[in-house]
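J.: The structure's right below; bear with me while I get my questions together.
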Ligand code: NDP
Ligand code: MG
């Protein structure tokens, strides 16, 4: 199996490389991309013998370390080169593990090229599920997001028409139990400290606002062709149940296991097989208890905003996502407060006239509009 890993320097990308390291007999790393971390990119290319690498941030095209790429490894720059990779003949699987809507073209190109899309990058599916899903043949798009990998696997035992509900589990994030007023005072470091998962900065903030769960509900709606009402969020503080599918007869299939992203990443490579893993295992005799709660929509308005965007559909989820990306970045730069994040998103959504999704070009325009609008809203808050 020949894989390309887009975003190999990130949290998902480096865990994917660990999966490849464990299974050198089955997986060959052909192509790698990074945005800014050229040192790590070169180290990865040397270790895995990649034959093609892409640096998407052109500000890094003269980094001296790039001269240390292995012999015969072709080097390309810019985001267009990212979307060209899936068309290479010697690639079977493309893992899209970049962060944000920037992964849209590459995801689209992977499906168009008939390659398997192992999709960690949830933002493109939220913004452009209407364009991506019709391109995906059965078994071609395997989700890597742990909840969606779990739902995918729990769905393998029944027919879509037999599904009554999807229970999308949520750890609750670092601020579980906090009121909206308490959240007004939280800082960047508190928000980055997720209790159960070690992830990139953007998804860590999304997990703290619970926007991550709102985005994941829209992601599930597209992946499993379900109504939003069929996808219920349940807080599962221990992150041991990764989601559940409840069937018409009341039977519930739950996907359980350790909180280790290497497992869903590997499943997206190995499907329909299962391979061994070095991830730690759980002794269920020692697990003690599993707890379940309802999410607090008052304290975490991002859930309500994502619900609205998902129901309205069309271009609204693209606006939700783009405005959120800008607001999260501002929060990471300490340019706005935690509760400003949903405020910015809501203001942008209110100003948007929803359209049916018609093309990638249209979504680019909507995305750019939402980003500039979000920047204006942030400037007015300052
Ligand atoms: P990270 O921030 O850790 O990594 C992001 C990767 O994308 C890096 O390789 C980075 O390159 C690259 N990148 C950053 N900006 C750009 C850009 N503008 N164009 C191209 N590449 C870029 O993120 P995560 O690994 O945490 O998340 C990746 C995706 O997977 C996200 O969409 C996230 O929602 C999703 N996901 C992540 C999970 C996790 O556990 N981390 C779980 C489920 C889903 P560089 O480092 O070189 O700058
Ligand atoms: Mg997830």
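J.: If residue 341 satisfies all but one of (1) in a loop (DSSP other than H, G, I, E, B); (2) within 19 Å of the chain's Cα centre (by Cα), what's the number of the condition it fails?
T.: Unmet condition: (1).
J.: Report, by residue number, each residue of region 161-170 that is more than 16 Å from ligand 1 (Cβ to nearest atom) and touching a residue at least 12 places away in the same chain (Cβ under 8 Å).
T.: 162, 163, 164, 165, 166, 167, listed by residue number.
J.: Let me ask something additional. Condition first: more than 16 Å from residue 35 (Cβ to Cβ) and crowded, with 16+ Cβ neighbours inside 10 Å. Now tell me which residues in region 68-83 satisfy that.
T.: Within region 68-83, 69, 73 meet the criteria.
J.: Same structure, new question: Report the residue count in region 177-206 for those that are assigned to a loop (DSSP other than H, G, I, E, B) and over 21 Å from the mean Cα position of the chain (by Cα).
T.: Total satisfying the criteria: 7.
J.: Let me ask something additional. Taking the condition modelled with pLDDT of 95 or more and either closer than 18 Å to residue 120 by Cα or within 16 Å of ligand 1 (Cβ to nearest atom) (or both), does residue 21 pass?
T.: Working: modelled with pLDDT of 95 or more: yes; either closer than 18 Å to residue 120 by Cα or within 16 Å of ligand 1 (Cβ to nearest atom) (or both): no.
Judged against the criteria, residue 21 is not a match.
J.: Give 158, 129, 139, 173 a once-over and let me know the one that is in contact (Cβ under 8 Å) with a residue 12 or more places away in the chain, more than 14 Å from ligand 2 (Cβ to nearest atom) and in contact with a helix residue (DSSP H, G or I) (Cβ under 9 Å, 6 or more places away or on another chain).
T.: Working: 158 fails: in contact with a helix residue (DSSP H, G or I) (Cβ under 9 Å, 6 or more places away or on another chain); 139 fails: in contact with a helix residue (DSSP H, G or I) (Cβ under 9 Å, 6 or more places away or on another chain); 173 fails: more than 14 Å from ligand 2 (Cβ to nearest atom).
On inspection, the qualifying residue turns out to be 129.
The values are calculated or read from the model by the stated rules, or taken from the named source; none is laboratory data. This structure is a prediction, so every number in the text was calculated from the model and none was measured. Ideal geometry is used to build each Cβ from the backbone, glycine not excepted, and the neighbour counts take in all protein chains shown.
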